[in-house]
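Report on one structure; see the data block that follows.
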Amino acid sequence: MSRLIVISNRVSAGGGAQGGLAVALTAALREMGGIWFGWSGEVTEEFTGHINFQRRDGVTTATVDLEQQDIEEYYNGYANRTLWPLFHYRIDLAEYERDFAGGYQRANERFADTVAPLIEPDDVVWVQDYHMFPLGAELRRRGVENRMGFFLHIPWPPRRLLVTLPEAPQLVRSLLEYDVLGFHTKEWLHSFCDYARDELGGTIDDDDVLTLDGRSVRLVAVPIGIETKDFAEIATQERALETCERVTRSAVGRALIVGVDRLDYSKGLEERFLGYERFLSEHPEERKEVVLLQIAPPSRGSVDSYQRIRSSLESLAGRINGAHAALDWVPIRYVNQGYPREMLAGVYRASRIGLVTPLRDGMNLVAKEYVAAQDPEDPGVLILSKFAGAAEQMADAILVNPHSAEEIADAIRQALRMPREERVRRWRSLMDGVTREDVFWWSQRVTDAIMSVPVRAEAA
Ligand code: GDG
């Protein structure tokens, strides 16, 4: 029986506060047995490769500490200041530094050195996300012949943008060492194919198998989901209902519009505020009927562009509130902190509109959580960006162009006026999708795809 080796930048801390991805990977690891390997989040004076093993929730985790220079160049540098902006189409923010690229490669070699001895012959290796593109190739170099898959949680950028990355050809070639490459959507998969075909001369057959330099890799589009059943249940339990009531009371009869996003420029928060401002200016009669509650826990505070977005949002919220507030009403409640999942579920349930308008997003799980938390008898309306991966599955949301303040304003008005019957019909169809294609469905489909690849040693 094959064990599963999950490799990702960070390993879940376990416990009850985990997000959907951690829950799904933990479930897959529990079922197959195996190890979850990654960076501990800690810094060490000198890299030793010492592994800290722990057993949590029936899963073995194995973590290593990194040197400060690795953290600066690999994590804060190449991952967060080069790849993240570029893969979210923001070449204006991407920094192309050889030191970052070098540190990224070095950290991946260190991960490979450390994890390779833990991998047994029958194990299936599943690497997660953009921090670890070259890890598969580094493992192959160390003689690992196991079945290996990679899943990308963010978009794959269009070819015309990717060519700005000096290391793109090597990075993409290194991906050929995996057996399976997973993306959330067909769109990201096709962008990958465009690059591999038009820049590198690869060929792609009807089954989405890419062949390049004599190597073949299977491409799959499998959208990640949430732990829908649990989340819907949480939303009806005491802590969530308490929060729901508290937030509803604080809105004193007004319709709540909710946004929940890590404070990140990809999430379109400034554009969202401007769209809401447009709604307030265009519909003065409806102004005092709504409140926007934006929850935005800070992330990656050490990277400059994140500090910039934080101060820009603060001044935007201040300006909008200054221009529109009344004695008994503030249009935007902007909360710069995180809340436990149970409370988030309650906030979603209390909100008449879920406003999810990223400029680019690999998938976007908030959209799915919002749907799962609704009261089936009186559900709210999801307004969703066309440019989130989730839009491919969620056609019954009101889909908007997040760059257009007018479209956001129109969508808010449409949602506020939507009759209950239509809200129920749209929600039912969204909820069916979110239930069918949940996070367990996702991890099963991806692991099945990796397991169906013949083992190299046998194939040879
Ligand atoms: C990446 C991709 C892709 C947010 N605030 C709080 C909180 N959250 C939770 C949400 C949700 C998660 O964080 C955010 O997930 P998203 O999918 O929206 O976005 P990213 O963090 O950018 O994730 C994304 C995802 O990977 C998975 O593949 O969908 O496209 O960018 O679960 O609820 N959770 C708690 N308190 C908060 O205040 N507890």
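The values are calculated or read from the model by the stated rules, or taken from the named source; none is laboratory data. Note that the structure is a prediction, hence the values are computed from the model and not measured. Note: ideal-geometry Cβ built from the backbone for every residue, glycine included; neighbour counts use all protein chains shown. Just so you know, the surface numbers come from the protein's heavy atoms only, side chains and all, with ligands and any DNA or RNA stripped out. Shrake-Rupley method; radii C 1.70, N 1.55, O 1.52, S 1.80 Å.
Tell me which residues, restricted to region 32-56, are surrounded by 14 or more Cβ atoms within 10 Å (Cβ to Cβ) and of a type in the set (D, E, K, R). Of everything in region 32-56, just one residue is surrounded by 14 or more Cβ atoms within 10 Å (Cβ to Cβ) and of a type in the set (D, E, K, R), namely ARG56.
Note on region 379-396: among residues that are open to solvent by 10 Å² or more (accessible area, probe 1.4 Å) and part of a helix (DSSP H, G or I), the one that is farthest from GLY354 (Cα to Cα) is GLU392. Take the residues in region 224-235 that are in contact (Cβ under 8 Å) with a residue 40 or more places away in the chain and open to solvent by 20 Å² or more (accessible area, probe 1.4 Å); name whichever of them is nearest to ASP438 (Cα to Cα). The residue in question is LYS229.
Scanning region 102-127 for residues that are open to solvent by 30 Å² or more (accessible area, probe 1.4 Å), in contact (Cβ under 8 Å) with a residue 24 or more places away in the chain, closer than 20 Å to ARG147 by Cβ and not aliphatic (A, V, I, L, M) returns GLU120, PRO121, ASP122. Taken over region 57-99, the criterion of being over 12 Å from VAL43 (Cβ atoms), of a type in the set (Val, Ile, Thr) and open to solvent by less than 40 Å² (accessible area, probe 1.4 Å) is satisfied by VAL59, THR60, THR61, THR63, THR82.
Among the residues of region 152-159, are any part of a loop (DSSP other than H, G, I, E, B), within 16 Å of the ligand (Cβ to nearest atom), open to solvent by 30 Å² or more (accessible area, probe 1.4 Å) and not charged (D, E, K, R)? Within region 152-159, one or more residues are part of a loop (DSSP other than H, G, I, E, B), within 16 Å of the ligand (Cβ to nearest atom), open to solvent by 30 Å² or more (accessible area, probe 1.4 Å) and not charged (D, E, K, R). When each of ARG417, ARG423, ARG349 is tested for being modelled with pLDDT of 95 or more and open to solvent by 60 Å² or more (accessible area, probe 1.4 Å), the lone residue that passes is ARG417. Scanning region 194-211 for residues that are of a type in the set (A, V, I, L, M, F, W, C) and either at pLDDT below 95 or open to solvent by 10 Å² or more (accessible area, probe 1.4 Å) (or both) yields a count of 3.
For every residue, the table says whether it meets (1) in contact with a helix residue (DSSP H, G or I) (Cβ under 8 Å, 6 or more places away or on another chain); (2) in a helix (DSSP H, G or I); (3) open to solvent by 10 Å² or more (accessible area, probe 1.4 Å).
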| position | (1), (2), (3) |
| --- | --- |
| GLU271 | yes, yes, yes |
| ARG278 | yes, yes, yes |
| PRO298 | yes, no, yes |
| GLN307 | no, yes, yes |
| GLU314 | no, yes, yes |
| GLY338 | no, no, yes |
| MET343 | yes, yes, yes |
| LEU355 | yes, no, no |
| PRO358 | yes, no, no |
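Filtered by the rule that a residue be more than 30 Å from TRP441 (Cα to Cα), open to solvent by 10 Å² or more (accessible area, probe 1.4 Å) and assigned to a helix (DSSP H, G or I), region 160-188 gives ARG160, LEU161, PRO169, GLN170.
Across region 403-436, the number of residues qualifying as touching a helix residue (DSSP H, G or I) at 6+ places or on another chain (Cβ under 9 Å), within 23 Å of ALA372 (Cα to Cα) and not in a helix (DSSP H, G or I) comes to 1.
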